[in-house]
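Heads up, the thing below is written out as structure tokens.
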Amino acid sequence: MQEMRYLRDFLMYHRNGVLTFQWVHPTSYEIVNCTNTTPVWLQYQHGLVTGQWVNIGSGPAPLVGQWQITRVDSINLILDGSVASGLGTVTAAVYLPNAVARFNENTWESPTKIVGTERLGGERSTPLGALPGFFSWIITVEEQF
């Protein structure tokens, strides 16, 4: 329950875009080919436009980090300011340096408590032997330009 309050307070603080936060979805990485050129090109199907950012999570050490990109076409983009670091692959994900959280229809909806069958019964330390449920709500993380 305390973790939900931390997350709720964080999102409430940042939801109107007054103060932004950095965002990379932890499971959105793709393994992509990179060229051994200066600047480095990434080659994969993407929907990015010039000026957006990519986070390189693993690959040649000089490439790991956040890079602003230049779009070449729908399968090629350039890491602005990068230097050849060897041919190979990197893990890449969209990086939002200035993100805000938007709630459903710009309201703070009540979280729904989800209790699955695996969460019922078991430990006697909780009332009636039930384990606490998980809370769920929907937000949209948006980039501010």
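What follows draws every value from the coordinates through simple rules; no lab data is involved. Predicted model only: the values in this text are computed from it and were never measured. Please note: Cβ atoms are built from the backbone with ideal geometry, for glycine as well, and neighbour counts cover all protein chains shown.
Listing 20, 35, 27 from fewest to most neighbouring C-beta atoms within 10 Å gives 27, 20, 35. Scanning residues 5 or more positions from residue 82 or on other chains, those with amide H under 5 Å from its amide H are 40, with H placed 1.01 Å from N in the peptide plane.
Extension gain for residue 89-residue 6 works out to 26.2 nm (0.36 nm per residue, less the C-alpha to C-alpha distance). Residue order for 141, 32, fewest other beta carbons within 10 angstrom first, comes to 141, 32. For residue 20, no residue 5 or more places off, or on another chain, has a built amide H under 5 Å of its own. Exposure proxy shown here: for 69, 78, the number of other Cβ atoms within 10 Å sets the order, fewest to most, as 78, 69.
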